[in-house]
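The structure under discussion appears below in the form of structure tokens.
The values are calculated or read from the model by the stated rules, or taken from the named source; none is laboratory data. This is a predicted model, so every value here is computed, not measured. FYI the Cβ positions are ideal-geometry reconstructions off the backbone, even for glycines, and counts take in every protein chain you see. Protein only, heavy atoms only, side chains kept; ligands, DNA and RNA dropped before computing areas. Shrake-Rupley method; radii C 1.70, N 1.55, O 1.52, S 1.80 Å.
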Amino acid sequence: MTTSFDCSDSNTRSAGLAAAQQAIANRQCIVLPTDTVYGIGADAFSPQAVATLLAAKGRGRSMPPPVLVPRLQTMDGLAVDVPEEARALAQAFWPGGLTIIFNAQPSLTWDLGDTRGTVALRMPDDDIALDLLALTGPMAVSSANRTGQPAAQTAAEAQAQLAESVEVYLEAGPRPAEGSEGIPSTIVDATGPVLRVVRDGAVSLEELRAVVPSVLGLGEEPASDVPGETAASDEPADGGTELQPESQA
């Protein structure tokens, strides 16, 4: 039975977080606020839960969700061959509007879809999201809407689209704040020899280069050819295969 909780009230918030934690443990989907828009979340390590999330959105395996993490240190448990430059960006901009694509830890038993061995990680700058992630661990999270429809900016808007496919809705007012424009996260691909922006967003190229001067902007090529380097795909992003802004929570 679908339940909605008003997380603007401290008592209801505690009950809502507990209910959402239980739903995630039961391999069900929940809707939560993030610093960008509302997201639909599921246990990242349950193929059944991720399949339910994709079905709720009307999406196939070719569009896998990113993974939200509760703390920076989680990155090393989920990714391998983490470049120091990517680590520096995470330290500078997490929590916040930066998603980084890494090579996924091959020993993990998860199935996010057709990721081609990559995973897109982000630490959201939202207290409710972080409190929930601290309880559940990493979650596969995509924007809380049916594919092709506007991203939900409240839990009520998400419920109007996703209905009974979600077990728990956590309402916390508009995301982003009312009157603000929703800006998706910037996505940086850290799986090659040079860090590349594959989607412009909340963190500007100038801000990225203030930390890592060598970051390539969207569509830019390195000054000289690097042996073995291939151009960034036009498809990677949320979980390794998608660039569409509506996908990112």
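For the chain, modelled as a Gaussian network with Cα springs under 10 Å, which listed residue fluctuates most, 74, 34, 136? In the Gaussian network model the winner is 74.
Here region 30-45 is scanned for amide nitrogen atoms under 17 Å from the site 7 Å beyond the Cα of residue 177 along Cα-to-Cβ, giving 34-38.
Using a probe of 1.4 Å, the accessible surface attributed to residue 205 totals some 40 Å² when neighbouring protein chains are kept in position. Mean-square fluctuations from a GNM of the chain, with a 10 angstrom spring cutoff on Cα atoms, peak among 185, 107, 14 at 107. Rounded to the nearest 20 debye, the dipole size of the chain about its Cα centre is 580 debye, using +1 on the Cβ of Lys and Arg and -1 on the Cβ of Asp and Glu.
Helix 127-136 versus the longest principal axis of the chain: what angle, 0 to 90°, nearest 10, using Cα atoms? Between the helix axis and the principal axis of the chain, the angle is about 90 degrees.
Restricting the calculation to Cα atoms, region 1-105 yields a radius of gyration followed by a Dmax of 15.4, 46 Å. Computed on protein heavy atoms with a 1.4 Å probe, the accessible areas place 10, 165, 143 in the order 10, 165, 143, largest first. Applying the Karplus relation 6.51 cos²θ - 1.76 cosθ + 1.60 with θ = phi - 60° to region 26-39 yields 3J(HN,Hα) values of 8, 6, 9, 9, 10, 10, 9, x, 10, 6, 9, 9, 6, x Hz, where x marks Gly and Pro. Considering region 96-155, its Cα convex hull presents a mean projected area of 5.4 nm². Given their separation in residues at 0.36 nm each and the Cα-Cα distance between them, residue 51 and residue 8 gain 12.4 nm when the chain is fully extended. Peptides 81-92, 193-204 ranked from most to least packed by the mean count of surrounding Cβ atoms within 10 Å: 193-204, 81-92. In this structure the amide hydrogen of residue 99, modeled in the peptide plane, comes within under 5 Å of the amide hydrogens of 186, 187, 188, none closer than 5 places in sequence on its chain. Dipole of the chain computed with +1 at Lys/Arg Cβ and -1 at Asp/Glu Cβ about the Cα centre; of 20, 223, 152, farthest Cα towards the positive end is 20.
For region 119-216, taking Cα atoms only, Rg and Dmax work out to 15.9, 47 Å respectively. Helical content of the chain, expressed as a calculated mean residue ellipticity at 222 nm, amounts to -7500 deg cm²/dmol (DSSP H runs of 4 or more residues, -39,500 (n - 2.57) each, divided by residue number, nearest 500). For semi-axes √(5λ) of the Cα gyration tensor in Å, the value calculated from this model appears in (i) 29, 22, 17; (ii) 30, 18, 16; (iii) 26, 21, 17 under label (ii).
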